[in-house]
Structure formats: C-alpha cells, structure tokens
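**Q** Attaching a single structure in structure tokens format; questions to follow.
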Amino acid sequence: MTDKYILAIDQGTTSSRAIVFNHEGLIVSVGQKEHEQIFPKPGWVEHNPIEVWENIREVVAEALAKAQVNKDNIAAVGVTNQRETAVVWNKETGQPVYNAIVWQDTRTLEIITALAGGDLDANGEKYKAKVGLPLATYFSGPKIKWVLDNVPGARADAEAGKLLFGNMDTWVIWNLTGGPNGGVHVTDVSNASRTMLMDLHTLQWDPQIAADMTIPLSMLPAIKASSEIYGYGRPEGLLTGVPVAGDLGDQQAATFGQACFEVGAAKNTYGTGCFMLMNTGKDPVPSKNGLLTTLCYKIGDQAPVYALEGSIAVTGSLVQWFRDNLKIIASAPEIEDLAKEVKDNGGAYFVPAFSGLFAPYWKPTARGAIVGLTRYVTKAHLARAVLEATAFQTREVLDAMEADSGVKLAELKVDGGMIANETLMQFQADQVGVPVIAPVVAETTALGAAYAAGIAVGYWNGEQDVIDNWAEAKRWLPQADEAERGRQYRNWKKAVTKTLDWVDADVVE
Ligand code: ADP
C-alpha cells in the first residue's frame, strides 16, 4: 500500500483544492486555486461552474505533480464541497443554464416566504420535521426553483428531462466520471440533506416538497452513501480508471476527519462561515433551539449517522470584508496584529448579519450592524470586534447544541483557516469555557473526504483508522474572569437584537 495514496478534491466557497494524502492521513501535496466571486446585486452570490471545473482539473494536476505521482498511484478519489450551492445544467451539452447560486445568496427570500404562506415567522418550520431544516435562503431547493422560474426555457427543458441539478459535489463527480459521456449523476446523504428536498428518515427525495417547489424529480441525483464507489474517472473527465468513492458535504467531511464518531463528539470549523456539528448517532434529533438536523455520514450499507448543526454564515468572510471593503488591513492575518494593539473591544460589537442571521436565529431579514460606537473606538477596537463576533456566534451555537442534545461538551475540536489566529482562539476558549483543541492535520475537510474514499476501497479499514491517525497539535484553555465573560456575552446578545427585522417586505434582497 505504500506507493498508493488517496486524492481529495475540496471544492470550497473561495477556492478549489486537491490534496494527496498518505496512509497515515498526512498531507503529501496540495494544489489550490481561487475562483471568482460574482456579486451581481446586493445579496446575490454566484460562481461560474465551468471555471470551477477547470480549476479542479488544474489543481488535481498540480497536486499529483508536486507529489511526483500519477493516477496509477491513486487508490481512490473523494470529493467534498461547499454545500447548498446549486448548479443546473444540460445533460447533453454539459453546459450550466445559469451560474451556480451560492449558499450565501439571499435571492430566494421571496420564494421561501411564499412557501411559508407569506409568514416566515409563523410557518418557517413547515418542512422541519421531515427535512430537519427551517425555510431559509441557505438551502438548495428554492434556488433550483429560482433558476427554473427565471432562466428562459429552463422550465420546459427541465420538464423534458434535459436538465440536471446538483450541488457542487454532484457537478464535480458528474464531470469526473465523463460528463455528457456517461457521467454518473449522484449525491450523498450529507449533501442531499441540505437541499430541503430529502426526507431525513427514508433518505429519499420527498415528492410533495419537490412538487411544492415545482421541481421535476427527474432533475435530482441518485442519493448514495458517503463512502462507496460511485463510478470511475473517465478519459473525458480526469483520473481515468480511478474509483470515485467518497462524497461528503464539507462540514460533515470535517466532522469525519476530526474523528467525531461517538455520540456527543463535536467540531467547529472556522472558514468563510463557522459550522459546528455534533454527532447524535443513529437517530435524527429534532432541534428546539435553532439548530439543523442533518445527515452526518453513511458508510456503505451501514446505518446512517445523524448530526445537529449550528451554521453561522459570516465569520472569516467578515475578516475578508474588513480587508477588501474597508481596506483597513492588507491580509487576513494582519487583523490579529491590529486587534492586539488594544486590550478589549472598547465597547464596540459587530454583528455580521450580511446574509441575515443563521443559527440559532434564522432571521433572513436581519442585516449587519456595529453598535456601541463612541469617539473612543479605533480601528483596532473594530478589529477585535470582528474577531469576537466569530467567538460569540460560536458560543450561541454551542449553548443551543448543549440544550438540544443534553450533552455538556467537555472540549471543542476546531479547524479551518481562522484557527491560525491565536487571539481569536484564546478568546473562543474564554467564551465557551472549555478547552479548544486543534489537530495536527488542519485540513480536516479534505481529510474526511479522503477517509470516506479510502474506506470504500479498503485502503483504510474503517473509523478506527481515522481515530488512530488523529493527533492533537495545540490546545487553548479558558482563562477569563467569569463576570467579564458574562458581561461581554450579554452585550453581544443585545447587539444582535439591533439587527433584526431590518429588511422591509418591499426590498426582498
Ligand atoms: P473556506 O474553506 O471557507 O474557503 P478557509 O478554512 O480556507 O475557508 O479559511 C479562510 C478564511 O479564514 C477566510 O475567510 C479568511 O478571511 C480567514 N482567515 C485566514 N487567516 C486568518 C487569520 N489569521 N485571522 C483571521 N481570519 C483569518
């Protein structure tokens, strides 16, 4: 097995990565390329699926070249992806009918409001018992409806069976396995559970919800396990002959890569947004506190494993906004130097409700605010407020998770780009009051997809190999004064109330 590796393709929100892993679960090489973020209107976020697929071809070649291996050294490929980002394409030409509508996009507010009979506050949980999700602009189903309603000719072509829908995992696997020349049209349970169209209990598409959203069932991919052979790389695609054998939404992949296999084990990933998932075992746990009930993973024909999830839309992307829109810093890591110039936030709190508020509020009509401003506040205080926003939002989700699951977290496993920020991680430990722990392999998302693929082909035996390979790199211990910690959190909660109900009904974006 030593000359064999697993390749993971991580199709993320800002970039696509290909990573070659060895049998110890360590990174051998990485290829990475960013793609364009397209913002046609306030609230709209799109990606060009063709650009993304071309980038994947490049980063796979780059990763293989850097590792000095070729496809014959790759035992299997696993795919992980930004979830809920929806693509609709023509199965004969392989051309998308519209750009991918990204998970952060809020254009479907009108659609979801109509699905709720005009009253999201009263009927926002209409489908929750079946799909585990509240009506929100976040999920894919309403995005498909938007494409069919707004792209000329799309509905007729969809009804004639010419169009396919996929989240990014489906788009990538279809192209990998031949595209118009026999590409397989599949998704896994974790990605399917983010569409609002899959029944959590049967793991099948729900015909009634699809009908409510006027989506032909023929467009929807076959729902598979997260770890099984879906097809093989084809000459028209990439990696000819290599089994494509893993598919997990990025957050579920990170949960897998962090070896959260026991009931109550949880991780939080700090990237564009923050996503905390807790393994809840073989049964879906309904949330009473604003969390999502979601599929965690399914290995082959074993029983599916469920999770509770707290999704936070804006965390690392607030740092990007601070950098790109305000130009107060030139690079993301600089925010830490600036924040360290002051000892606290100077009274300023920044609630980044740029896409409304996700967990635990689910308020699509909230918009961002900086509150508590006085003439004392400097850009250094704002830098702190930006970082603290991530930690406060995480604490809210953790509180909800403990309330829903009845499990008191003993520690929080973390990963993602923002954990390089020591100031943030220390503040996070202070706020949640439990140790915050980072693993040696921080690329847990790609790692999880690699494990799913490797387990499917027998490269690894199962979850125990993942547990054995997991190693701790660093931990941050809570140090804050209890009264101060409580005062800050209370102010944060008050700041959140100032952002609610900002968007009026006549401004749907
Ligand atoms: P994704 O996978 O969602 O694209 P990553 O895990 O690569 O995200 O993390 C990138 C995010 O982390 C960016 O939004 C960036 O602004 C933020 N980030 C990166 N480094 C730092 C840092 N040192 N301090 C704060 N934020 C950071």
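**Q** Based on what the data block shows, is Glu36 in contact (Cβ under 8 Å) with a residue 40 or more places away in the chain, assigned to a loop (DSSP other than H, G, I, E, B), charged (D, E, K, R) and surrounded by fewer than 21 Cβ atoms within 10 Å (Cβ to Cβ)?
**A** So Glu36 fails the test.
**Q** Shifting gears a bit: Given the structure, is Ala259 in contact (Cβ under 8 Å) with a residue 40 or more places away in the chain, under 12 Å from Ser405 (Cβ atoms) and more than 16 Å from the ligand (Cβ to nearest atom)?
**A** No, not satisfied.
**Q** Identify the residue in the range 270-287 that is more than 16 Å from the ligand (Cβ to nearest atom) and small (Gly, Ala, Ser) and, among all such residues, is surrounded by the most Cβ atoms within 10 Å (Cβ to Cβ).
**A** Going through the qualifying residues, I end up with Ser287.
**Q** Does the range 51-75 hold any residues that are assigned to a loop (DSSP other than H, G, I, E, B) and open to solvent by less than 60 Å² (accessible area, probe 1.4 Å), and which are they?
**A** Val69
**Q** Taking into account only those residues within the range 1-32 that are among the small types (Gly, Ala, Ser) and either more than 16 Å from the ligand (Cβ to nearest atom) or modelled with pLDDT of 95 or more (or both), which is surrounded by the fewest Cβ atoms within 10 Å (Cβ to Cβ)?
**A** Ser29
**Q** Conditions: (1) more than 9 Å from the ligand (Cβ to nearest atom); (2) on the phi < 0 side of the Ramachandran plot; (3) in contact with a Phe, Trp or Tyr (Cβ under 7 Å, 6 or more places away or on another chain). Thr315 meets all but one. Number of the miss?
**A** Condition not satisfied by Thr315: (1).
**Q** Check whether at least one residue in the range 323-341 is more than 15 Å from the ligand (Cβ to nearest atom) and open to solvent by less than 10 Å² (accessible area, probe 1.4 Å), and report yes or no.
**A** No; the residues of the range 323-341 include none that is more than 15 Å from the ligand (Cβ to nearest atom) and open to solvent by less than 10 Å² (accessible area, probe 1.4 Å).
**Q** Can you list the helices (runs of 4 or more DSSP H) found entirely within the range 405-509 that contain at least 3 residues being open to solvent by less than 60 Å² (accessible area, probe 1.4 Å), hydrophobic (A, V, I, L, M, F, W, C) and within 16 Å of the ligand (Cβ to nearest atom)?
**A** So the answer is 422-432, 444-456.
**Q** Hey, another quick one. Can you tell me which of Gly141, Gly94, Gly118, Gly78 is in a loop (DSSP other than H, G, I, E, B) and modelled with pLDDT of 95 or more?
**A** Gly94
**Q** Another question, then. Before we move on, is Asp250 within 16 Å of the ligand (Cβ to nearest atom), closer than 19 Å to Ala86 by Cα and open to solvent by 10 Å² or more (accessible area, probe 1.4 Å)?
**A** Taking the combined requirement at face value, the residue satisfies it.
Per-residue answers, yes or no, for (1) among the aromatic types (Phe, Trp, Tyr); (2) in contact with a strand residue (DSSP E or B) (Cβ under 8 Å, 6 or more places away or on another chain); (3) outside any helix (DSSP H, G or I):
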| residue | (1), (2), (3) |
| --- | --- |
| Ala359 | no, yes, yes |
| Arg367 | no, yes, yes |
| Leu382 | no, yes, no |
| Leu387 | no, no, no |
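The values are calculated or read from the model by the stated rules, or taken from the named source; none is laboratory data. Values in this document were obtained by computation on a predicted structure and should not be read as measured data. Every residue, glycine as well, gets a Cβ built from its backbone with ideal geometry; the counts of neighbours run over all protein chains shown. We work out accessible area using only protein heavy atoms, side chains counted, and drop any ligands, DNA or RNA first. Shrake-Rupley method; radii C 1.70, N 1.55, O 1.52, S 1.80 Å.
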